[in-house]
Amino acid sequence: MKKLIESTGCPSKRRKENHERSFTNLSTVEGLPPLIDKNSRFLILGTMPGRKSLEQRQYYADSRNQFWKIMEILFGVNLRAFSYEKKKKELLERGIALWDVLSSCYRTVSSDKDIRKPVLNDLRSFLQSHPCIERVFFNGKRSKEFVRKFMPELLQVYEPRYGFVVLPSSSTSNTHSSLCIKAVHWSVLKVGF
């Protein structure tokens with residue numbers, strides 16, 4: 001039996017080796033500029049846009065991501081039929097701004113779990129330069145984990161003011177919550193519009 005395991009390899013060990021080997025092909029990815037205007041009151045922070053979003057230079061461009069579906073439920077508007085420019089306008093009209101915790105990182109795929117060498121955006125300066133922001137929401141717990149790990153002082157200083165609420169990730173890799181459950185949690189955004 002030992003020879004069989006050594007020759008074929010343990011499945012979990014093979015997965016780990018393949019996973020580690022995939023990081024030899026890491027590429028640098030840089031995030032998108034913030035989507036914000038002077039009327040924005042709610043800031044939604046993701047971790048780093050996925051591959052399709054970066055290619056198209058659009059937040060939540062991958063149709064599998066449920067962000068726009070959640071916004072449709074909250075707004076009562078068919079956003080997926082809109083152009084990206086119109087979607088941005090709809091968010092901004094409701095006081096919603098978008099940005100990401102990371103400005104750049106190394107990664108092979110779109111998953112937040114595969115991020116290496118993260119470089120954080122200067123969230124402190126951003127919040128100071130946008131006094132209109134009242135609440136900060138994290139799109140999934142990974143984005144807040146990066147802040148907690150690399151900028152703990154930001155949480156200590158600003159969490160009492162902004163709340164720093166973690167919402168269920170809109171990513172389809174978040175299989176813990178259905179679209180309906182996610183929309184219920186995200187409905188805290190409706191208070192302001």
Quick check on this structure: which one of LEU154, LEU167, LEU127 is buried (at least 17 other Cβ atoms within 10 Å of the Cβ), modelled with pLDDT of 90 or more, under 19 Å from PRO49 (Cα atoms) and of a type in the set (A, V, I, L, M, F, W, C)?
LEU167
Of the residues in the stretch 88-117 that are at pLDDT below 90 and in a helix (DSSP H, G or I), the one that is nearest to CYS180 (Cα to Cα) is ASP112
When the residues of the stretch 27-57 are filtered to those that are assigned to a strand (DSSP E or B) and more than 15 Å from ILE96 (Cβ to Cβ), which remaining residue is modelled with the highest pLDDT?
GLU30
Could you check the stretch 128-143 and list, in sequence order, the residues that are part of a helix (DSSP H, G or I) and in contact (Cβ under 8 Å) with a residue 60 or more places away in the chain?
ARG142, SER143
Counting just the residues of the stretch 44-79 that are polar (S, T, N, Q) and touching a residue at least 40 places away in the same chain (Cβ under 8 Å), which one comes out nearest to ASN139 (Cα to Cα)?
THR47
Can you go through ARG107, ARG116, ARG94 and tell me which one is among the basic types (Lys, Arg) and in contact with an Asp or Glu (Cβ under 7 Å, 6 or more places away or on another chain)?
ARG107
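For every residue, the table says whether it meets (1) among the charged types (D, E, K, R); (2) under 17 Å from the mean Cα position of the chain (by Cα).
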position: SER143; (1), (2): no, yes
position: PHE146; (1), (2): no, yes
position: GLU153; (1), (2): yes, no
position: VAL165; (1), (2): no, yes
position: SER171; (1), (2): no, yes
position: CYS180; (1), (2): no, no
position: VAL188; (1), (2): no, no
Just a yes or no: is a residue in the stretch 80-87 closer than 30 Å to THR28 by Cβ, of a type in the set (Ser, Thr, Tyr), in a helix (DSSP H, G or I) and free of Cβ contacts under 8 Å to residues at least 40 places away in the same chain?
yes
From the option list ASN65, ASN78, single residue qualifying as polar (S, T, N, Q) and either at pLDDT 95 or above or touching a Gly at 6+ places or on another chain (Cβ under 8 Å) (or both) is ASN65
Being out of contact with any Leu (no Cβ under 7 Å at 6 or more places or on another chain) and hydrophobic (A, V, I, L, M, F, W, C) narrows it down to one residue among VAL188, VAL136, VAL119; which is it?
VAL188
Which pairs turn up if I take residues in the stretch 96-110 that are over 12 Å from THR47 (Cβ atoms) and β-branched (Val, Ile, Thr) and look for partners that are assigned to a strand (DSSP E or B) and at pLDDT below 90 with beta carbon separation below 8 Å, at least 6 apart in sequence or on another chain?
THR108/SER27
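The values are calculated or read from the model by the stated rules, or taken from the named source; none is laboratory data. From a predicted model like this one, the values you see are computed outputs, not experimental measurements. Methodologically, a virtual Cβ is constructed for each residue, glycine included, from the backbone with ideal geometry; neighbour enumeration extends over all protein chains shown.
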